[in-house]
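The values are calculated or read from the model by the stated rules, or taken from the named source; none is laboratory data. In this text the structure is predicted, and so the values were computed from the model without any measurement. Here the Cβ positions follow ideal geometry from the backbone for every residue, glycine too, while neighbour counts run over all protein chains shown.
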Amino acid sequence: MEIKGAAAIVTGGASGLGGATAERLAKAGAKVTIFDLNADLGRAKAAAIGGHFVAVNVTDEAAVEAAIIEAEGVHGKARILVNCAGIGPPGKVIGRDGKALPLAEFSKIVAINLFGTFNVLSKFAARLYDAEPLGEERGVIINTASVAAFEGQIGQPAYAASKAGVVGMTIPIARELARYGIRVMTIAPGLFLTPLMESFTQEVQDSLGKQVPFPSRLGKPDEYAMMAESIVLNPMLNGETIRLDGAIRMTAK
(Lines give C-alpha, C1' and ligand atoms only; values in the text may rest on other atoms or scores of the structure.)
Protein backbone atom coordinates (compact mmCIF):
# COMPACT_ATOMS: atom_id res chain seq x y z
CA MET A 1 0.00 0.00 0.00
CA GLU A 2 1.20 3.49 -0.81
CA ILE A 3 1.90 5.33 2.44
CA LYS A 4 2.05 8.87 1.10
CA GLY A 5 -1.32 10.51 1.54
CA ALA A 6 -2.84 7.59 3.44
CA ALA A 7 -4.50 8.09 6.83
CA ALA A 8 -3.00 5.99 9.62
CA ILE A 9 -3.80 5.25 13.26
CA VAL A 10 -1.12 4.22 15.75
CA THR A 11 -2.19 3.10 19.22
CA GLY A 12 0.32 3.67 21.98
CA GLY A 13 1.79 6.22 19.59
CA ALA A 14 2.90 8.77 22.18
CA SER A 15 6.22 7.03 22.86
CA GLY A 16 8.28 3.86 22.44
CA LEU A 17 7.59 1.55 19.51
CA GLY A 18 4.36 3.34 18.69
CA GLY A 19 5.98 6.75 18.83
CA ALA A 20 8.74 5.69 16.45
CA THR A 21 6.16 4.17 14.11
CA ALA A 22 4.06 7.32 14.11
CA GLU A 23 7.17 9.34 13.24
CA ARG A 24 8.26 7.04 10.42
CA LEU A 25 4.82 6.87 8.82
CA ALA A 26 4.49 10.64 9.02
CA LYS A 27 7.90 11.11 7.37
CA ALA A 28 6.72 8.77 4.59
CA GLY A 29 3.75 11.07 3.99
CA ALA A 30 0.99 9.44 6.03
CA LYS A 31 -1.60 11.48 7.91
CA VAL A 32 -1.18 10.01 11.38
CA THR A 33 -3.57 9.96 14.31
CA ILE A 34 -2.15 8.85 17.65
CA PHE A 35 -4.29 6.99 20.18
CA ASP A 36 -2.83 7.04 23.70
CA LEU A 37 -3.82 7.63 27.31
CA ASN A 38 -0.87 9.94 27.98
CA ALA A 39 -2.33 13.23 26.79
CA ASP A 40 0.79 15.35 27.35
CA LEU A 41 3.12 13.03 25.45
CA GLY A 42 0.47 12.27 22.84
CA ARG A 43 -0.24 15.90 22.00
CA ALA A 44 3.49 16.69 21.89
CA LYS A 45 4.21 13.79 19.56
CA ALA A 46 1.28 14.65 17.29
CA ALA A 47 2.42 18.26 17.09
CA ALA A 48 5.98 17.19 16.29
CA ILE A 49 4.91 15.01 13.35
CA GLY A 50 2.06 17.17 12.09
CA GLY A 51 -0.52 14.61 13.16
CA HIS A 52 -3.62 14.41 15.34
CA PHE A 53 -4.04 13.07 18.88
CA VAL A 54 -6.98 11.40 20.61
CA ALA A 55 -6.91 10.35 24.25
CA VAL A 56 -8.49 6.91 24.26
CA ASN A 57 -8.62 3.74 26.34
CA VAL A 58 -8.25 0.87 23.86
CA THR A 59 -10.45 -1.40 26.00
CA ASP A 60 -13.42 0.98 25.81
CA GLU A 61 -15.62 0.08 22.82
CA ALA A 62 -17.51 3.35 22.61
CA ALA A 63 -14.36 5.44 23.07
CA VAL A 64 -12.47 3.56 20.36
CA GLU A 65 -15.34 3.81 17.90
CA ALA A 66 -15.65 7.54 18.57
CA ALA A 67 -11.89 8.02 18.25
CA ILE A 68 -11.78 6.28 14.87
CA ILE A 69 -14.64 8.46 13.63
CA GLU A 70 -12.84 11.58 14.93
CA ALA A 71 -9.63 10.53 13.16
CA GLU A 72 -11.62 9.98 9.97
CA GLY A 73 -13.09 13.45 10.23
CA VAL A 74 -9.61 14.97 10.43
CA HIS A 75 -7.62 12.83 8.00
CA GLY A 76 -10.14 10.80 6.05
CA LYS A 77 -10.80 7.07 6.34
CA ALA A 78 -7.81 5.36 7.95
CA ARG A 79 -6.15 2.72 5.78
CA ILE A 80 -3.28 1.79 8.10
CA LEU A 81 -3.56 0.64 11.71
CA VAL A 82 -0.59 -0.19 13.93
CA ASN A 83 -1.52 -1.49 17.38
CA CYS A 84 1.29 -0.76 19.84
CA ALA A 85 -0.66 0.00 23.03
CA GLY A 86 0.21 -2.46 25.78
CA ILE A 87 1.51 -3.03 29.29
CA GLY A 88 3.69 -5.72 30.84
CA PRO A 89 4.21 -5.50 34.61
CA PRO A 90 5.65 -8.74 36.04
CA GLY A 91 3.62 -10.99 38.28
CA LYS A 92 4.35 -14.55 39.38
CA VAL A 93 1.57 -17.10 39.84
CA ILE A 94 2.65 -17.43 43.47
CA GLY A 95 4.20 -14.35 45.06
CA ARG A 96 6.88 -14.19 47.73
CA ASP A 97 4.12 -14.01 50.32
CA GLY A 98 2.79 -17.35 49.11
CA LYS A 99 -0.38 -15.82 47.76
CA ALA A 100 -1.72 -16.40 44.27
CA LEU A 101 -1.58 -13.64 41.65
CA PRO A 102 -4.90 -11.75 41.90
CA LEU A 103 -7.10 -12.45 38.90
CA ALA A 104 -7.70 -8.72 38.48
CA GLU A 105 -3.97 -8.13 37.80
CA PHE A 106 -3.86 -10.98 35.27
CA SER A 107 -7.06 -9.77 33.62
CA LYS A 108 -5.88 -6.15 33.31
CA ILE A 109 -2.84 -7.13 31.24
CA VAL A 110 -4.85 -9.46 29.00
CA ALA A 111 -7.58 -6.84 28.63
CA ILE A 112 -5.24 -4.12 27.39
CA ASN A 113 -2.85 -6.23 25.30
CA LEU A 114 -5.28 -8.71 23.74
CA PHE A 115 -8.82 -7.40 24.10
CA GLY A 116 -7.65 -3.85 23.38
CA THR A 117 -5.87 -4.95 20.23
CA PHE A 118 -8.97 -6.79 19.00
CA ASN A 119 -11.24 -3.92 19.99
CA VAL A 120 -9.34 -1.39 17.89
CA LEU A 121 -8.74 -3.64 14.87
CA SER A 122 -12.37 -4.78 14.73
CA LYS A 123 -13.71 -1.21 14.87
CA PHE A 124 -11.08 -0.14 12.30
CA ALA A 125 -12.05 -2.96 9.92
CA ALA A 126 -15.76 -2.25 10.32
CA ARG A 127 -15.20 1.32 9.13
CA LEU A 128 -13.07 0.15 6.21
CA TYR A 129 -14.57 -3.04 4.76
CA ASP A 130 -16.76 -1.31 2.16
CA ALA A 131 -14.41 1.59 1.36
CA GLU A 132 -13.12 2.18 -2.15
CA PRO A 133 -10.05 -0.03 -2.70
CA LEU A 134 -6.67 1.59 -3.20
CA GLY A 135 -5.30 -0.61 -5.94
CA GLU A 136 -5.79 -4.21 -4.87
CA GLU A 137 -6.29 -3.62 -1.15
CA ARG A 138 -8.33 -1.52 1.25
CA GLY A 139 -6.10 -1.46 4.30
CA VAL A 140 -3.42 -2.96 6.52
CA ILE A 141 -3.54 -3.93 10.19
CA ILE A 142 -0.31 -4.51 12.13
CA ASN A 143 -0.48 -5.84 15.67
CA THR A 144 2.29 -6.07 18.25
CA ALA A 145 3.02 -9.32 20.07
CA SER A 146 6.35 -10.24 21.72
CA VAL A 147 8.85 -13.08 21.78
CA ALA A 148 7.26 -13.76 25.18
CA ALA A 149 4.40 -15.28 23.19
CA PHE A 150 6.78 -18.15 22.41
CA GLU A 151 9.27 -18.13 25.33
CA GLY A 152 7.60 -16.36 28.20
CA GLN A 153 9.76 -16.01 31.26
CA ILE A 154 9.00 -16.63 34.92
CA GLY A 155 6.82 -13.76 36.08
CA GLN A 156 5.20 -13.27 32.68
CA PRO A 157 2.16 -15.56 32.66
CA ALA A 158 -0.33 -12.77 31.90
CA TYR A 159 1.93 -10.91 29.47
CA ALA A 160 2.90 -14.07 27.60
CA ALA A 161 -0.71 -15.25 27.44
CA SER A 162 -1.87 -11.89 26.10
CA LYS A 163 0.81 -11.79 23.41
CA ALA A 164 0.25 -15.44 22.47
CA GLY A 165 -3.38 -14.48 21.95
CA VAL A 166 -2.37 -11.74 19.54
CA VAL A 167 -0.27 -14.24 17.60
CA GLY A 168 -3.04 -16.81 17.64
CA MET A 169 -5.70 -14.52 16.20
CA THR A 170 -3.51 -13.23 13.38
CA ILE A 171 -4.19 -15.93 10.78
CA PRO A 172 -7.94 -16.38 11.36
CA ILE A 173 -8.54 -12.64 11.17
CA ALA A 174 -6.32 -12.33 8.09
CA ARG A 175 -8.30 -15.12 6.44
CA GLU A 176 -11.62 -13.48 7.28
CA LEU A 177 -10.63 -9.97 6.19
CA ALA A 178 -9.01 -11.20 2.98
CA ARG A 179 -12.39 -10.99 1.24
CA TYR A 180 -12.38 -7.24 1.96
CA GLY A 181 -8.81 -6.67 0.83
CA ILE A 182 -7.55 -5.94 4.37
CA ARG A 183 -4.24 -7.49 5.39
CA VAL A 184 -3.40 -8.49 8.98
CA MET A 185 0.13 -8.95 10.28
CA THR A 186 1.85 -9.20 13.67
CA ILE A 187 5.33 -8.17 14.76
CA ALA A 188 6.88 -9.99 17.74
CA PRO A 189 9.74 -7.80 19.01
CA GLY A 190 12.46 -9.02 21.33
CA LEU A 191 14.39 -6.75 23.68
CA PHE A 192 13.86 -3.16 22.58
CA LEU A 193 14.82 0.19 24.09
CA THR A 194 11.32 1.20 25.17
CA PRO A 195 10.48 3.70 27.96
CA LEU A 196 10.30 0.75 30.39
CA MET A 197 13.77 -0.40 29.36
CA GLU A 198 15.10 3.15 29.63
CA SER A 199 14.06 3.18 33.29
CA PHE A 200 16.73 0.53 33.98
CA THR A 201 20.34 1.44 34.69
CA GLN A 202 22.79 1.46 31.79
CA GLU A 203 24.45 -1.59 33.32
CA VAL A 204 21.19 -3.54 33.21
CA GLN A 205 20.47 -2.38 29.65
CA ASP A 206 23.93 -3.46 28.50
CA SER A 207 23.54 -6.84 30.22
CA LEU A 208 20.20 -7.46 28.51
CA GLY A 209 21.58 -6.36 25.14
CA LYS A 210 24.41 -8.88 25.40
CA GLN A 211 21.83 -11.69 25.50
CA VAL A 212 20.92 -10.95 21.88
CA PRO A 213 23.03 -13.08 19.48
CA PHE A 214 23.34 -10.40 16.80
CA PRO A 215 23.33 -7.51 16.88
CA SER A 216 24.23 -7.82 20.58
CA ARG A 217 22.30 -4.81 21.79
CA LEU A 218 18.79 -3.67 22.49
CA GLY A 219 16.63 -3.03 19.47
CA LYS A 220 15.95 0.56 18.47
CA PRO A 221 12.30 1.66 18.28
CA ASP A 222 12.87 2.90 14.73
CA GLU A 223 13.88 -0.64 13.73
CA TYR A 224 10.41 -1.77 14.77
CA ALA A 225 8.96 1.17 12.82
CA MET A 226 11.04 0.16 9.80
CA MET A 227 9.46 -3.30 9.90
CA ALA A 228 5.98 -1.82 10.17
CA GLU A 229 6.67 0.39 7.16
CA SER A 230 7.94 -2.61 5.17
CA ILE A 231 4.77 -4.55 5.96
CA VAL A 232 2.58 -1.71 4.75
CA LEU A 233 4.53 -1.46 1.50
CA ASN A 234 4.65 -5.21 0.69
CA PRO A 235 1.21 -6.62 -0.30
CA MET A 236 2.33 -10.25 -0.02
CA LEU A 237 2.91 -9.95 3.72
CA ASN A 238 -0.30 -11.22 5.25
CA GLY A 239 -1.43 -13.53 8.05
CA GLU A 240 2.03 -13.95 9.55
CA THR A 241 3.91 -13.12 12.75
CA ILE A 242 7.43 -11.82 12.20
CA ARG A 243 9.97 -12.14 15.02
CA LEU A 244 12.12 -9.03 15.24
CA ASP A 245 14.59 -10.12 17.86
CA GLY A 246 18.21 -10.52 16.71
CA ALA A 247 17.80 -14.32 17.02
CA ILE A 248 17.26 -14.23 20.79
CA ARG A 249 15.47 -17.13 22.49
CA MET A 250 14.45 -16.13 25.97
CA THR A 251 15.61 -18.19 28.96
CA ALA A 252 13.38 -19.10 31.90
CA LYS A 253 14.41 -15.99 33.83
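Out of the residues in segment 69-87 that are assigned to a strand (DSSP E or B) and of a type in the set (V, I, T), state the one that is surrounded by the fewest Cβ atoms within 10 Å (Cβ to Cβ). It comes out as I80. A count restricted to segment 123-157 and to residues that are without any contact (Cβ under 8 Å) to a residue 60 or more places away in the chain and charged (D, E, K, R) stands at 4. Please determine whether any residue of segment 231-243 is surrounded by 21 or more Cβ atoms within 10 Å (Cβ to Cβ) and within 20 Å of the chain's Cα centre (by Cα). Looking through segment 231-243, at least one residue is surrounded by 21 or more Cβ atoms within 10 Å (Cβ to Cβ) and within 20 Å of the chain's Cα centre (by Cα). S162 passes every criterion in (1) surrounded by 15 or more Cβ atoms within 10 Å (Cβ to Cβ); (2) modelled with pLDDT under 95; (3) over 20 Å from A225 (Cα atoms); (4) of a type in the set (G, A, S) apart from (2). For segment 137-144, state whether one or more residues are at pLDDT 95 or above, surrounded by fewer than 20 Cβ atoms within 10 Å (Cβ to Cβ), in contact with a strand residue (DSSP E or B) (Cβ under 7 Å, 6 or more places away or on another chain) and acidic (D, E). Within segment 137-144 (the criterion being at pLDDT 95 or above, surrounded by fewer than 20 Cβ atoms within 10 Å (Cβ to Cβ), in contact with a strand residue (DSSP E or B) (Cβ under 7 Å, 6 or more places away or on another chain) and acidic (D, E)), the answer is yes, since at least one residue qualifies. Of all the criteria given as (1) buried (at least 20 other Cβ atoms within 10 Å of the Cβ); (2) closer than 17 Å to T194 by Cβ, the one not satisfied by H52 is (2). Name every residue in segment 16-41 that is outside any helix (DSSP H, G or I) and surrounded by fewer than 21 Cβ atoms within 10 Å (Cβ to Cβ), in order of residue number. If the condition is that a residue be outside any helix (DSSP H, G or I) and surrounded by fewer than 21 Cβ atoms within 10 Å (Cβ to Cβ), then A28, G29, L37, N38 are the ones that fit.
Of all the numbered requirements in (1) farther than 26 Å from A111 by Cα; (2) in a loop (DSSP other than H, G, I, E, B), D222 misses one, and that requirement is (2). Of the helices (runs of 4 or more DSSP H) entirely within segment 88-204, those holding at least 1 residues that are touching a Phe, Trp or Tyr at 6+ places or on another chain (Cβ under 9 Å) occupy 103-110, 116-128, 148-151, 157-177.
Only a single item in (1) within 18 Å of S230 (Cβ to Cβ); (2) at pLDDT 95 or above is not met by P157, and it is number (1). Pairs are defined by a Cβ separation below 8 Å, a sequence spacing of at least 6 or placement on different chains, a first member in segment 97-122 that is within 14 Å of A158 (Cβ to Cβ), and a second member that is among the β-branched types (V, I, T) and in a helix (DSSP H, G or I); the pairs so defined are N113/V166; L114/V166.
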